[in-house]
Every structure is written in structure tokens, then in C-alpha cells.
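One structure is given here, and the rest of the page talks about it.
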Amino acid sequence: MNEKHKLVIVVGSVREGRFGPVVASWVAERAREHGGFDVDVVDLAEIEIPLSLPAMSPKYAGDTYPRPAGMAPLTSRLADADAVILVTPEYNHSYPASLKAAIDWHFTQWVAKPVAFVSYGGAAGGRHAVLHLENVLTELHAVTIRDGLAFPNYFTNWEDGRPLDPQAPGYAKTLLDQLAWWAAALRTARDAAPYPA
């Protein structure tokens with residue numbers, strides 16, 4: 001089967017002077033070269049994402065949670081996605097509040113879908129942020145991909161929009177191969193039967 005999977009790449013930082021769009025652009029280029037995906041980049045800086053959420057209520061069953069109108073583009077793209085890549089920096093050993101808010105405003109959009117991580121930061125390359133994200137996405141019944149991409153000291157290890165590490169494209173291919181495999185497997189499973197959440 002040669003059908004392409006719908007891949008949403010989320011730029012998780014909204015901070016002024018952020019490096020996330022550079023990383024996301026490079027990852028999107030690798031994903032298009034891979035050939036297994038229709039690629040859609042979503043920048044959270046362009047989405048309305050309040051940090052305060054409405055009170056939970058039994059009336060908000062399934063996906064009836066009231067969201068701001070400005071969040072609709074993110075919600076619909078996550079709902080249509082077969083796979084997601086979260087591009088995140090590491091702030092104080094974790095990930096940005098913008099990304100947490102975007103995740104928390106959604107429930108069914110993550111269920112039984114593969115999520116991969118591309119991180120950047122100082123010496124750890126954003127790995128602390130990814131560890132926290134793995135816990136959160138597991139709670140939402142997503143399937144997290146083991147082989148992510150981490151870019152330590154990105155401020156000296158990137159040039160002209162590309163990482164200087166010659167092995168980075170190979171690591172990206174491994175991530176994308178695994179993501180495509182899980183995207184196909186989980187889409188088949190979702191089509192066959194509802195996920196028992």
C-alpha cells in the first residue's frame with residue numbers, strides 16, 4: 001500500500017526569538033523526502049491557545065469540550081492526522097507551557113495515534129522535555145516513538161537552517177520509518193474497531 005499518511009508537525013514554542021520554526025522546517029523537508037507522508041506544519045504561535053481551561057463537566061463527553069474558535073485549525077488538523085511530530089525546546093528541564101496547553105485542550109485527537117519527538121536545547125538537547133512529554137502523551141493513549149531526534153547546543157551546531165551533524169538525516173529517516181510503520185498499523189486498527197479507551 002503506497003497511500004501517504006497525514007503527518008502534522010507541531011512547532012511547540014511561541015517564545016520570542018525561538019528556534020523551533022527552523023528545526024520544524026528541516027524536519028518537514030526530511031518528511032517530504034521520505035515519501036510516506038503528506039506533511040502539514042502547525043505553528044502554535046499562530047493558534048489561539050488559552051492557558052486557562054474551562055471546568056470539567058460530565059456534559060463534555062467524548063469530544064464536546066468547548067474550545068475557542070481560534071483553536072479550530074489545530075483541532076481539525078490533529079483530528080485528521082495519522083501521525084504527529086512535536087518539535088520542542090527545553091525550558092527549565094521541561095517543555096513549553098504553550099505545548100502543554102495545546103495538548104490539554106485535546107483528548108480524542110491523540111488516541112491510538114503515533115507521536116514522535118524532535119527536541120533541541122543545551123547539553124541535553126531537550127531530552128528532559130521529551131521524557132515529560134512521553135508521560136503526558138501515554139496518559140492520552142497515544143503511542144510514543146522511541147527513536148526521536150535531539151539537537152544539543154543547537155545555537156552552535158546548526159548553520160544555514162541545517163544541523164551540522166552529518167548523521168542527523170539518517171536519524172531522521174529512522175524516526176520517520178518507525179512513524180510510518182506505526183501510522184499504518186494504528187490506522188488499520190482504528191478502522192477495524194474503536195479503541196477501548
Amide H to amide H, which residues 5 or more places from ASP38 or on other chains are under 5 Å from it, using H placed in the peptide plane?
-> HIS5, LYS6, LEU7
For ALA189 and HIS93 in the same chain, what is the full-extension length gain: residue separation times 0.36 nm, less their Cα-Cα distance, in nm?
-> 31.0 nm
Cα-projected label distance for ALA69 with THR138, points at 7 Å along beta-carbon direction, nm | 4.1 nm
Could you please rank VAL11, VAL41, placing first whichever residue has the fewest other Cβ atoms within 10 Å of its Cβ?
-> VAL41, VAL11
What's the tally of Lys pairs in the range 1-146 whose alpha-carbon atoms lie under 24 angstrom apart, where the two lysines are 8 or more places apart or on different chains?
-> 5
Out of the DSSP beta bridges found with both residues in the chain, what percent are antiparallel (nearest 5)?
-> 10 percent
Could you line up LEU74, LEU131, LEU99 from fewest to most neighbouring Cβ atoms inside 10 Å?
-> LEU131, LEU74, LEU99
Expected-Rg normalisation [2.2 N^0.38 Å, Cα atoms] applied to the chain = 0.99
How long are the three semi-axes of the equivalent ellipsoid of the range 6-68, in whole Å, if each is the root of 5 times an eigenvalue of the C-alpha gyration tensor, listed from largest down?
-> 30, 18, 6
ALA55 versus PHE155: modelled label distance in nm, points set 7 Å from Cα along the beta carbon direction = 4.5 nm
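Every read-out reported here was derived from the displayed coordinates using simple, explicitly stated rules and does not represent laboratory data. Keep in mind the model is a prediction, meaning the values are calculated, not measured. Cβ sites come from the backbone with ideal geometry, for glycine too, and all protein chains shown count toward neighbours.
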